1. Based on the inverse mean of 1/r over its pairs of different Cα atoms, what is the Kirkwood hydrodynamic radius of segment 3-85, in Å?
2. When you take every Cα atom in segment 160-261, what is the radius of gyration, and what is Dmax, the widest Cα pair distance, in Å?
3. Return the whole-Å distance between the Cα centroid of segment 43-81 and the Cα centroid of segment 101-134.
4. If one takes the longest principal axis of the Cα atoms in the chain, at what angle in degrees, from 0 to 90 and to the nearest 10, does the Cα axis of helix 106-116 lie?
5. In segment 1-140, how does Rg compare with the Kirkwood Rh, expressed as the Rg/Rh ratio over alpha carbon atoms?
6. Using a Förster distance of 25 Å, how high is the FRET efficiency between Q287 and D134, based on the Cβ-Cβ distance and rounded to 0.05?
7. If you add up the charges near S220, with Lys and Arg at +1 and Asp and Glu at -1, over every other residue whose beta carbon is less than 12 angstrom from its beta carbon, what do you get?
8. I'd like to check one number: the per residue accessible area of the chain, probe 1.4 Å, reported in Å² as a whole number.
Amino acid sequence: MDLRKLQIFTTVADAGSFSAAAEHLHMAQPAVSIAVRKLEDSLGISLFDRSGRRIALTAEGEALLRRAHSILQQVEELKASAGDLKNLLRGELSIACPSMLATYYLPDLLSGFLAEHPGLTAAVTQAGTAQVEDMLLGDEIELGVTTDGGAAELERWPLVTEQIVVCVATTHPWSRHRSLRIQDLHQAPMVVYESGYFIRQQLDQLCQAAGVEPDLRVQSNFLPLLLRMVKQGLGATVGLRTMAEQEPGIVGIPLAPRAEVPMALARRSGKTLSRANQAFLDWLIAQEAAPPAAGALQS
């Protein structure tokens, strides 16, 4: 059935005349009459009684009018729903991210994006950078936060470069030091991430190059556990500067020479993203191109 003819029919029926409907539809009256006649021919019924001075709906016309209003309403709702999806008013952003960035960096980033797309939700999966890259390459996820370098099959957009610091409790003997050498960590009690996290990989590389062997008391990917152990004085850990700045009871001491972790948002090259994920990537790129502001991506 031609929806346009159905719309013309309902307009004629609601207006009570072909001329009034033609004016409302911005059509010539003969064209309106022809459209209604073709609808009648296609259905094999008469919709209007034209014998009097004014047209009147037949019984069949009355029944069709009720159905036609319902059909046209459903069509408009379908169009609106499709428009919502196109404009990203609904959907879910899905991203994998290491726990430290997910805790201290990602919330501000997601808040800015979701504020502009109130119909969207976000799902964040915690994983180390090595696992994030494996998940991206295996098409388990579309977007993930990893290091700014690594597998060539991944396309990356820089997010933030964070300084690595040694994190200790405020009561620790090192808490007033302005910097620490990697040699200072030799035989020092430490609570650290498990292998598979970039910051652990950096620590291992620095220690190996300097012949340093820390006393690894706890290894875990559960960040709250590591922080609790540090605050209770069990040992030091390595973390990002933003964590030390935001976490009460923790002091961050820079390493000398300076060590940094460049982080990036990544996807598998050529991967088609969902509308929500593509919107987040587009938004991120636009933020990078905008003039720097408080809380901007670069640090």
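The values are calculated or read from the model by the stated rules, or taken from the named source; none is laboratory data. Model, not experiment: these values are computed from the prediction. All Cβ positions, glycine included, derive from the backbone under ideal geometry; neighbour counts span all protein chains shown. For accessibility, only protein heavy atoms count, side chains too; no ligands or nucleic acids. Shrake-Rupley method; radii C 1.70, N 1.55, O 1.52, S 1.80 Å.
1. Working: mean 1/r = 0.0750 Å⁻¹.
For segment 3-85, inverting the mean 1/r across all distinct Cα pairs yields 13.3 Å.
2. Rg then Dmax for segment 160-261, in Å: 12.0, 32.
3. 50
4. For helix 106-116, the angle is close to 20 degrees.
5. Working: Rg = 26.9 Å, Rh = 19.6 Å.
Answer for segment 1-140: 1.37.
6. Numbers: r = 28 Å, r/R0 = 1.10.
The computed FRET efficiency comes out at 0.35.
7. Working: positive: R200, R217, R228; negative: E194.
Value of the local net charge: +2.
8. Numbers: 15810 Å² over 299 residues.
Accessible area per residue, the chain: 53 Å².
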